[in-house]
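The values are calculated or read from the model by the stated rules, or taken from the named source; none is laboratory data. Fair warning: this is a prediction, and the values are worked out from it, not measured in the lab. Here the Cβ positions follow ideal geometry from the backbone for every residue, glycine too, while neighbour counts run over all protein chains shown.
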Amino acid sequence: MVKKRRQKTEAVPSKKRVKTEESVGEKLFTSKVNDVKRCKWCESHELYIEYHDNEWGRPVYDDDKLFEMISLEGAQAGLNWLTILKKRNGYRDVFKKFKVCIVAKFTERDIERALVNPNVIRHKGKLNSVVHNSRLILELQRDPKYGSFSNFVWSYAPTERRFDSHCQGNSPEAQCMSKDLKKRGFKFVGPTTCYAFMQACGIVNDHAPHCFLFEKKHSK
């Protein structure tokens, strides 16, 4: 009995096996909650989702708000951001809603009270840095070159958008900002902290390409 030879046919890859650039990107950088595609980092907690959807990456130009944001990024050093989000209202109470002109007048007694407050990270160096940095922000506001903390930090906005910095958690602009802030005496403002701050206040837009906020435009 002669066996019939099986005719070779061209292999057609299954759709399930084909990994397109889009599908890989979605897997790595986006999640889908309630049929909305978001950056993947925010999927683990509802506080992250709320922060991502309503705050992260939206341009901020108000000095007091920027002061709050860079202070909280400094407080995060060595911790995760969720811990800070859960204590954010506690920080706002302790530091009088981060009014620069008020915090600049804080005394050692104010810091001692904060150190026994369970609603903030009780790290004396970090708490002292908030008061210390507020006084330096006042100096920037008086500097005729800038006139505001906002003008200073936004001077480090990149001229073009890059798509790899968010993976590295750093950028040349963040390194320059950190170096300049340190030169002026600011504390807890390393390059990684500065880059996270730039992401948060919209100086850079690091929403993933598939996130619904990727191309969102916000007016000043």
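Scanning segment 64-78 for residues that are hydrophobic (A, V, I, L, M, F, W, C) and at pLDDT below 95 yields a count of 1. Is it fair to say Gly74 is over 20 Å from Ala114 (Cβ atoms) and touching a helix residue (DSSP H, G or I) at 6+ places or on another chain (Cβ under 7 Å)? So Gly74 does not fit the description; no.
Is it the case that segment 130-148 has a residue that's under 15 Å from the mean Cα position of the chain (by Cα) and of a type in the set (Phe, Trp, Tyr)? So far as segment 130-148 goes, no, none of its residues is under 15 Å from the mean Cα position of the chain (by Cα) and of a type in the set (Phe, Trp, Tyr).
Of all residues in segment 143-171, those being part of a helix (DSSP H, G or I) and modelled with pLDDT of 95 or more number 6. The set of residues in segment 78-98 that are closer than 16 Å to His132 by Cβ and in a loop (DSSP other than H, G, I, E, B) contains only Phe95.
Condition check ((1) touching a His at 6+ places or on another chain (Cβ under 6 Å); (2) under 30 Å from His45 (Cβ atoms); (3) among the hydroxyl-bearing types (Ser, Thr, Tyr)) across all residues:
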position: Val103; (1), (2), (3): no, yes, no
position: His123; (1), (2), (3): no, yes, no
position: Leu136; (1), (2), (3): no, no, no
position: Val153; (1), (2), (3): no, yes, no
position: Ser171; (1), (2), (3): no, yes, yes
position: Lys182; (1), (2), (3): no, no, no
